[in-house]
């Protein structure tokens, strides 16, 4: 089987993955203009300043959209098809690529709750649909 | 400003040929079609090949043609590059920086490497997020949920393009498609089926751009006027885009229509970039051919078929003629304005051409006349 496509951990992204390992999903917030974002960047994409801090997400989010892979584009995922990949918007604003736990996604704008879990020995953010 | 000449290789498989060779063949044919000599060319703009990036590629192509252009280089805007390059060629000519420009592209993912089209998206690959198709799937899922768009409506687009391509002797895929075929086509990245997804092609296309008076002077037989052009860039990854079902196509078309002094109702035929069927839906709406959310009904009612109010992709589009990134659609627009298309729209006087790249990340629009 092919190797798991592990993230490239850099000084910029290391705190994000380390926090997940401790069970926390974090995002960056600009200390100048308060804009919040993911994925990690060195400068605020709104005001362009490099004055930011990591902040813990509440875990509440909504489902922007999703797809279901019926074909694996990478060998490691070959036995997992069909699997879903989702775009999630956190209540604090940042968006991320993630997935929705069984029974899976049903409709756009569905409310979601974070549930961090391990894939190939490393924690990743996943979400569960919650009743409204 | 006019398109004075068009040239293309056969589309499909060109094993063992590199993109420089394919580009030179298309450029040679475009010059021959324009009826001008190579020595008249002093501008050379080329799209960077997607499959295999090479530094100084524009200079390498100039060298392969023994040209020393005054204006030249490589443009990287995915499938929106061809129309943008023609626009920049027009602006360079108007600014007196060059007089006759060739715009070209070549790629060979069919027999070369396809890796560029199936790569993982950085750290998000941990979720199994791979490939370009998935981004379009995200847009389509949202469109289906928000507006009730149905698979049969996407099928209508695939069928229209494939049926047009079946009558094009130079199309890579000449097999017509039925709705049953479409619905039976396997899901790749749901909601996208195989038949929603463009072909993978080796090949090249090229056009020659110059002023109308220069074309007369050089004795160009069938110059086709460029009435307007525009471009726009969302430049945000699909996951970060605030509104998935609205794209840069809107601003791009607005600029092109304003330059031409025309509106969607003035367009007789269109070549709409169909890398995925959903891209056609989005473009029809953002261009103003139908209201947001109404494109599914428009295509289902036959609006895009030959004989409809806006026949599209008359040479087969990316779903049938070739999956190359977009210059072939400008070439088909030129053929429509010359009256020489394999699916000629009677009395067509205005052809709109759309180009777009990434996951609807960047867009370009052109309007051709007679």
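No value in this document is a laboratory result; all are computed from the given coordinates. Keep in mind it's a predicted model, so treat the numbers as computed, not measured. A quick note on method: Cβ atoms are made from the backbone with ideal geometry, for glycine too, and the neighbour counts reach across all protein chains shown.
Classify region B:272-347: rounded, prolate or oblate, from the alpha-carbon gyration tensor (a ≥ b ≥ c, eigenvalue square roots; a/c under 1.5 rounded; otherwise prolate if a/b is larger than b/c)?
Working: a/c = 2.06, a/b = 1.35, b/c = 1.53.
Taking the square roots of the gyration eigenvalues as a ≥ b ≥ c, region B:272-347 is oblate.
Take the Cβ-Cβ distance between residue B:55 and residue B:21 as r, set R0 to 25 Å, and report the resulting FRET efficiency rounded to the nearest 0.05.
On the way: r = 19 Å, r/R0 = 0.74.
It comes out at approximately 0.85.
With all distinct Cα pairs included, what does the Kirkwood hydrodynamic radius of the protein assembly as shown come out to in Å, to one decimal, could you say? It would help to have the intermediate numbers written out before the result.
On the way: mean 1/r = 0.0423 Å⁻¹.
Kirkwood radius, the protein assembly as shown: 23.6 Å.
Mind checking the log10 I(q)/I(0) for region B:60-120 at q = 0.13, 0.24 Å⁻¹? Debye, one equal scatterer per Cα, no solvent, two decimals.
Here the Debye-derived log intensity ratios amount to -0.46, -1.08.
Over chain B, with a Gaussian network built from C-alpha contacts below 10 Å, which listed residue (B:99, B:190, B:285) shows the highest mean-square fluctuation?
Of the options given, B:190 has the highest mean-square fluctuation.
Report relative contact order for chain B in percent, whole number only (criteria: Cα-Cα under 8 Å, sequence separation at least 6). Display every interim value, and only then the final one.
On the way: 891 pairs, mean separation 92.2, N = 370.
Over chain B, the number comes to 25 percent.
Would you please give the FRET efficiency between residue A:128 and residue A:31, computed as 1/(1 + (r/R0)^6) with r the Cβ-Cβ distance and R0 = 45 Å, to the nearest 0.05? Can you show the working numbers first?
On the way: r = 32 Å, r/R0 = 0.71.
Approximately 0.90, to the nearest 0.05.
Across bins of 5 angstrom width beginning at 0, how are the C-alpha pair distances of region B:224-370 distributed, in whole percent?
Cα pair-distance distribution for region B:224-370, in percent: 2, 11, 21, 25, 23, 13, 4, 1, 0.
Relative to the longest principal Cα axis of chain B, at what angle does helix B:277-286 sit, 0 to 90 degrees, rounded to 10?
The answer is roughly 80 degrees.
Using label points projected 7 Å from each Cα along Cα→Cβ, tell me how many nm separate residue B:243 and residue A:115, to one decimal.
3.4
On C-alpha positions alone, give me the angle between the axis of helix B:249-260 and the longest principal axis of chain B, in degrees, nearest 10.
Orientation of helix B:249-260: about 40 degrees from the principal axis.
Mind telling me which of A:102, A:39, A:11 comes out most flexible in a GNM of chain A, alpha-carbon contacts under 10 Å?
Residue with maximal mean-square fluctuation among A:102, A:39, A:11: A:11.
Cut-off 10 angstrom, C-alpha nodes, Gaussian network model of chain A. Which of A:100, A:64, A:81 fluctuates the most?
For chain A, modelled as a Gaussian network with Cα springs under 10 Å, the answer is A:81.
Send over the semi-axes of chain B's equivalent ellipsoid, whole angstrom and largest first, taken as the square roots of 5 times the C-alpha gyration tensor eigenvalues. Kindly include the intermediate steps, with their values, before the conclusion.
Numbers: eigenvalues 186, 106, 73 Å².
Equivalent-ellipsoid dimensions as semi-axes: 31, 23, 19 Å.
If we count other beta carbons within 10 Å of each Cβ, what is the order of B:222, A:13, B:277, fewest first?
Working: B:222 20, A:13 16, B:277 29.
The order, fewest Cβ neighbours first, is A:13, B:222, B:277.
For the protein assembly as shown, what does -39500 (n - 2.57) per DSSP helix run (n ≥ 4), summed and divided by total residues, give at 222 nm, in deg cm²/dmol to the nearest 500? All intermediate terms of the calculation are to be shown ahead of the outcome.
On the way: 14 runs with 138 residues, N = 502.
Computed ellipticity for the protein assembly as shown at 222 nm equals -8000 deg cm²/dmol.
Over the Cα atoms of region A:29-132, what radius of gyration and what Dmax do you get, in Å?
My reading of the Cα-based Rg and Dmax gives 15.5, 46 Å.
Rounded to the nearest 5, what % of the DSSP beta bridges within chain B are antiparallel ones?
Values: 35 of 48 bridges.
Taking every DSSP beta bridge within chain B, about 75 percent pair in antiparallel fashion.
Sort region B:135-277 into rounded, prolate or oblate with this rule: let a ≥ b ≥ c be the square roots of the eigenvalues of the Cα gyration tensor; rounded if a/c is under 1.5, and if a/c is not under 1.5, prolate when a/b is larger than b/c, oblate otherwise. Let's see the in-between values first.
Values: a/c = 2.27, a/b = 1.41, b/c = 1.61.
Judged from the Cα gyration tensor, region B:135-277 comes out oblate (a/c at least 1.5, b/c at or above a/b).
Mind checking the angle between helix B:133-147 and chain B's longest principal axis? C-alpha axes, 0 to 90 degrees, to the nearest 10.
Value to nearest ten degrees: 60.
So what is the relative contact order for chain A, in percent, with contacts set as C-alpha pairs under 8 Å and at least six apart? Numbers along the way, then the final one.
Numbers: 253 pairs, mean separation 28.8, N = 132.
Contact order relative to length: 22 percent.
So if R0 is 56 Å, what FRET efficiency would residue A:91 and residue B:94 give, r being the distance between their Cβ atoms, rounded to the nearest 0.05? Spell out each step's value before the answer.
Numbers: r = 50 Å, r/R0 = 0.90.
So the FRET efficiency works out to roughly 0.65.
Report the Rg/Rh value for region A:1-71, based on alpha-carbon coordinates and the Kirkwood definition of Rh.
On the way: Rg = 14.8 Å, Rh = 14.2 Å.
Result: Rg/Rh = 1.04.
May I ask you to sort A:52, B:129, B:236 by Cβ crowding, counting other Cβ atoms within 10 Å and putting the fewest first?
Taking fewest neighbouring Cβ atoms as first place, the list is B:236, A:52, B:129.
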